[in-house]
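Reviewing the structure listed below.
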Amino acid sequence: MVAIGTNLIAAPARRRWLVEGRVQGVGFRPFIWRLAREHNLAGFVRNEGCGVTIEAQGDETELHAFDADLARCAPTGAIIRKIRAESIGLLRAAHNFEILPSTFTAAESTTADSSASELTPDLAACDDCVDEALAPRDRRHHHGLISCTHCGPRFSIIQSTPYDRHRTTMAAFELCGRCEREYSDPEDRRFHAQPICCPDCGPQVRLSDATGRALAGDPYVAAAALLAAGGIIAIKGIGGYHLAARADDPAAIRRLRDLKHRDRKPFAIMAADLPAAQRLAHFSAAALLELASPARPIILAIKSNVAASKLSPDSAPGTHRLGIMLPYTPIQHLLYAALRDCGFAIDALVMTSANPCDEPLITEDVDAFARLGRMCDAILWHDRPIQRGIDDSVLIDAESSRRDCPEHCAQSSTQPAPTSPAIKSLPSLIPIRRARGYVPAAIPLPLPHALPGLCVGGELKNAFAIVKNREAILSPHLGDLSHPKSLANFRRAIDDLLKLLAVDPRFIACDAHPMYLSSAFAKEFAARLKVPLVRVQHHHAHAASLMAEHHLTGPILAVVCDGVGYALDGATWGGELLQADFHGFTRLASLSPLNLPGGDAAARQTARCGLALMHQALGADFLDHPAARRMVPDDSRRAMLGRMIRDNISCTATSAAGRYFDAVAAILGLCDENTFEAQSGLAVEAAANQANPSTPGPDLFRLLEANPLIRCNPLAEAGPMRIDLSPLTRALLNGMETAAPIPDLARLFHEQLAAAWEAAIARAVAQSGITTIGLTGGVFCNVLLTQSLSRRLEKRGLAVLRHRLVPPNDGGIALGQAAIACAQ
């Protein structure tokens, strides 16, 4: 308890404030204490389950000034959602302003008309802490767990609310005298910083070999030497373990790929600092700010020419982008400092999650030694427990380009980092994976009422959502649920977050697909709790997620393009134009279905999609085309696939836009097998990025005038408009036969697909009168398609909604499920 003396004037007044939002774990109480002292006020501040309560009394003018400063000067990590203030009776004996111990009851967190204090995301190490860790004379020199009120772990260590040290995984580490004094001193940067510790009283960093035997010497220096020699190091971070290797060492990268069974998927690169990052990739101004923000996400930006000489080609093959992040833990900063001090000219490391392929993040030290021993040469770890695993967040820099990068860099290199770790309105950044730094920030639902509930998301790129007090709290990215360990982790994560938020679900929402593992869990869980199960159509959920994050209830016209989603009639969709609100939708247009031989096999073997697209465009003679022989050289296999398509044997009809990208990748010879999700789409976009739109022949860019791509059903007929890309397919095939540049053909596909959607939307706008258009679904992670279609629609005077808070892919559909279930 801390108090200050206050000389009260005559006839003071007293007020109470209840502050809701992200106000715990961000230095909010010390801020209030200092603010009260500045305004000569008496009273107290206290954490409670519903937020922070403040009572203050003093001169009326000072109370008004305090009230104004409360929201205007809040700490960096705070997000104030609501302030409720009232006048209360005066306490004549009040002469001090105190920080009182936290109070919390389960009833407070489940009250329908109160909002629980928001949990705080994990924050990157601040500059002050990094400077202290690197300063030889500082008592925290070389301390790999250094933190303060403004930085360090939060969500990954909290065990229950409110956020106090004894409710975190730091509870077992008793503070030494010096740390206790800092913790209790309101003037200190570590005042009430719950993860506070030092080398004398906190967790310890060690370097061990793969068997757990401690290695001699300074752990950072020894790890740096191993990395410099081409070794692989497992490193414990905030929310799990990473595997690190030199990004410029082809042998180390190849070995890492073999050990992780990750043949082609690009690795994330951790640059030593911001200048090193800017040498490797071209960043827009907004991306540079977010890259260096307390969230420290991975930013996917276009490779620079320097990257080709600085990095192994195997670090990020088959794509024009690099995933770049900056160090965000003290251990990472100290490792780079050791590399510099030892004279190793290494400013880029591959930093990839240290989990075996398709398994969840490794967070337990015992598991790390048992499961990572064969994948690395040493393990750099610490003994602070991780309460819950959380992966790195990923954003695409939609403005990154070789042309505009120098100007962007010059304008933004001296700008300060954002003052809040939450994703704000960043139209140039598209979230791909929402996790560390952003989760568990709540997203308000645009609804007057919402029962508490659980929305389990999809099966791929899973993230679930918990609804509480008209807000959706999304889980971190959990990945694909097909692996048994991932499904078990999904179940544990749901139990953990329901308990942490003290939510008793009154409904369970899931995808309408009956075979999704998440949907099966939802059915079982709803039956056990005896609550309603709400099944939400996949593409309706995509549209609703976009409406919810923009705080709209609709209706909108939503273009939903993804891989495959289950329709209510049992069909498979994925290239749709929906008129949607939270209560329902109408399918207005779709891509013409492809008849895919072998169903799910076509998602991996792109030639199957290519043959299906050729059959759609050329008819029965499609196997005679040279492209068919090029895609499937084996005569008997080609004949078998052709027969399956023509006779509809073991085929699945789907309008999925993702399968169109697979087909074009096969026809253009860019990708014959998807070894990871969306590999072919990345290849087509990477090729198109190399094209100059002004170079292809005029015939290619007059397709719409000569060959309309829309077949429109009369209004009296049932069914949606069909977008027929056969003319475009024939142009691509002709381009291949006449040796047109592959990049030009890939760019043509993007532009004409955008033009086709523009034509369909124009008809739908004329019919419905709706002028707000949403772009959602995993295919809109493609920057070229998103920009081209947005540009076309905005020229028509239409309002275009794009994702900025949750991913367009399946990582965002739980938010849509929440909005639909609560509205209905």
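The values are calculated or read from the model by the stated rules, or taken from the named source; none is laboratory data. On a predicted model such as this, the values are computed, not experimentally measured, just so you know. Because the Cβ atoms are built from the backbone with ideal geometry, glycine has one as well, and the counts that use them run over all protein chains shown. Side chains included, ligands, DNA and RNA excluded: accessible areas come from the protein's heavy atoms. Shrake-Rupley method; radii C 1.70, N 1.55, O 1.52, S 1.80 Å.
Yes/no matrix, rows are residues, columns are (1) modelled with pLDDT of 95 or more; (2) open to solvent by 30 Å² or more (accessible area, probe 1.4 Å); (3) of a type outside the set (Asp, Glu):
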site: Thr652; (1), (2), (3): no, yes, yes
site: Ala683; (1), (2), (3): yes, no, yes
site: Ala691; (1), (2), (3): no, no, yes
site: Ala706; (1), (2), (3): no, yes, yes
site: Arg711; (1), (2), (3): no, yes, yes
site: Ala716; (1), (2), (3): no, yes, yes
site: Leu725; (1), (2), (3): no, no, yes
site: Leu728; (1), (2), (3): no, no, yes
site: Ala740; (1), (2), (3): no, no, yes
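Among the residues of the range 436-486, write down those that are out of contact with any strand residue (DSSP E or B) (no Cβ under 7 Å at 6 or more places or on another chain) and in a strand (DSSP E or B).
Selection gives Lys468 alone.
Out of (1) more than 14 Å from Pro356 (Cα to Cα); (2) at pLDDT 95 or above, the odd one out for Leu243 is which?
(1)
Would you point out which residue out of Arg528, Arg535, Arg433, Arg491 is open to solvent by 40 Å² or more (accessible area, probe 1.4 Å), without any contact (Cβ under 8 Å) to a residue 40 or more places away in the chain and within 21 Å of the chain's Cα centre (by Cα)? Outline the logic, then answer.
Working: Arg528 fails: within 21 Å of the chain's Cα centre (by Cα); Arg535 fails: within 21 Å of the chain's Cα centre (by Cα); Arg433 fails: without any contact (Cβ under 8 Å) to a residue 40 or more places away in the chain.
Answer to the check: Arg491.
Report yes if some residue within the range 612-632 is part of a loop (DSSP other than H, G, I, E, B) and surrounded by fewer than 23 Cβ atoms within 10 Å (Cβ to Cβ); otherwise report no. Even if it seems obvious, please write down each step before you answer.
Initially, the range 612-632 is screened for residues part of a loop (DSSP other than H, G, I, E, B), giving 625, 632.
From what is left, the residues that are surrounded by fewer than 23 Cβ atoms within 10 Å (Cβ to Cβ) are 625.
Yes, that holds for at least one residue.
Determine whether Cys179 is farther than 26 Å from Leu326 by Cβ and out of contact with any helix residue (DSSP H, G or I) (no Cβ under 7 Å at 6 or more places or on another chain). Give the derivation first.
On the way: farther than 26 Å from Leu326 by Cβ: yes; out of contact with any helix residue (DSSP H, G or I) (no Cβ under 7 Å at 6 or more places or on another chain): yes.
Against the criterion (farther than 26 Å from Leu326 by Cβ and out of contact with any helix residue (DSSP H, G or I) (no Cβ under 7 Å at 6 or more places or on another chain)), Cys179 qualifies.
May I ask you to list pairs of residues, at least six apart or on different chains, whose Cβ atoms are under 8 Å apart, with the first in the range 803-814 being over 11 Å from Ile430 (Cβ atoms) and assigned to a helix (DSSP H, G or I) and the second being of a type in the set (A, V, I, L, M, F, W, C) and at pLDDT below 95?
Asp810/Leu460
Yes or no, residue by residue, for (1) touching a strand residue (DSSP E or B) at 6+ places or on another chain (Cβ under 6 Å); (2) part of a loop (DSSP other than H, G, I, E, B); (3) open to solvent by less than 50 Å² (accessible area, probe 1.4 Å):
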| position | (1), (2), (3) |
| --- | --- |
| Glu20 | yes, no, yes |
| Gln24 | yes, yes, yes |
| Trp33 | yes, no, yes |
| Gly43 | yes, no, yes |
| Ala56 | yes, no, yes |
| Glu62 | no, no, no |
| Leu70 | no, no, yes |
| Pro75 | no, yes, yes |
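Report the residue count in the range 160-216 for those that are closer than 17 Å to Cys129 by Cα, in contact with a Gly (Cβ under 9 Å, 6 or more places away or on another chain) and not in a loop (DSSP other than H, G, I, E, B).
2
Which residues, taken from the range 246-267, are open to solvent by less than 10 Å² (accessible area, probe 1.4 Å) and over 24 Å from the mean Cα position of the chain (by Cα)?
Correct list: Ala252, Ile253, Leu256.
Of the residues that sit in the range 323-363 and are crowded, with 21+ Cβ neighbours inside 10 Å and of a type in the set (Val, Ile, Thr), which one is farthest from Pro431 (Cα to Cα)?
By that ranking, first place goes to Ile331.
Filter the range 72-130 down to the residues that are of a type in the set (Asp, Glu) and farther than 20 Å from Gln57 by Cα, then identify the one that is modelled with the lowest pLDDT. Before you say what the answer is, go through the steps one by one.
Here is the first cut: in the range 72-130, the ones of a type in the set (Asp, Glu) are 86, 98, 108, 113, 118, 122, 127-128.
Among the residues that remain, those that are also farther than 20 Å from Gln57 by Cα are: 108, 113, 118, 122, 127-128.
Values: Glu108: 44, Asp113: 37, Glu118: 72, Asp122: 96, Asp127: 96, Asp128: 96.
Looking at the filtered set, the residue picked out is Asp113.
Yes/no per residue for (1) under 27 Å from Leu784 (Cβ atoms); (2) at pLDDT 95 or above; (3) of a type in the set (Phe, Trp, Tyr):
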| site | (1), (2), (3) |
| --- | --- |
| Leu288 | yes, yes, no |
| Leu291 | yes, yes, no |
| Lys310 | yes, no, no |
| Thr319 | yes, no, no |
| Ile324 | yes, yes, no |
| Ala354 | no, no, no |
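Quick check on Ala739: is it part of a loop (DSSP other than H, G, I, E, B) and over 26 Å from Asp511 (Cα atoms)? Before you say what the answer is, go through the steps one by one.
Working: part of a loop (DSSP other than H, G, I, E, B): yes; over 26 Å from Asp511 (Cα atoms): yes.
When the stated conditions are applied, Ala739 passes them.
What pairs can you find where one residue is in the range 510-521 and in a loop (DSSP other than H, G, I, E, B), the other is surrounded by fewer than 20 Cβ atoms within 10 Å (Cβ to Cβ), and their Cβ atoms are less than 7 Å apart, with a gap of 6+ or different chains?
Short answer, once both residue conditions are applied: Ala512/Arg535; Ala512/Leu568.
Looking at Arg190, Arg181, Arg139, which is the one that is in contact with a Cys (Cβ under 7 Å, 6 or more places away or on another chain), modelled with pLDDT of 90 or more and open to solvent by 60 Å² or more (accessible area, probe 1.4 Å)?
Details: Arg190 fails: open to solvent by 60 Å² or more (accessible area, probe 1.4 Å); Arg181 fails: in contact with a Cys (Cβ under 7 Å, 6 or more places away or on another chain).
Unique residue meeting the criteria: Arg139.
How many of the residues in the range 364-400 are open to solvent by less than 20 Å² (accessible area, probe 1.4 Å), at pLDDT below 95 and under 19 Å from the mean Cα position of the chain (by Cα)?
Residues in the range 364-400 being open to solvent by less than 20 Å² (accessible area, probe 1.4 Å), at pLDDT below 95 and under 19 Å from the mean Cα position of the chain (by Cα): 2 in total.
Can you name the residue in the range 287-306 that is out of contact with any strand residue (DSSP E or B) (no Cβ under 6 Å at 6 or more places or on another chain) and among the small types (Gly, Ala, Ser) and is also surrounded by the fewest Cβ atoms within 10 Å (Cβ to Cβ) among such residues?
Ala292
Given Ala193, Ala251, Ala216, Ala229, which one is more than 15 Å from Trp381 (Cβ to Cβ), in contact (Cβ under 8 Å) with a residue 60 or more places away in the chain and out of contact with any Lys or Arg (no Cβ under 8 Å at 6 or more places or on another chain)?
Values: Ala251 fails: in contact (Cβ under 8 Å) with a residue 60 or more places away in the chain; Ala216 fails: in contact (Cβ under 8 Å) with a residue 60 or more places away in the chain; Ala229 fails: in contact (Cβ under 8 Å) with a residue 60 or more places away in the chain.
Criteria check complete, one pass: Ala193.
Return the pairs, sorted by first residue and then second, in which the second residue is of a type in the set (D, E, K, R), the first residue lies in the range 265-285 and is part of a loop (DSSP other than H, G, I, E, B), the beta carbons are less than 7 Å apart, and the residues are 6+ apart or on different chains.
The qualifying pairs are Ala272/Asp347; Phe283/Asp397; Ser284/Asp397; Ser284/Glu399.
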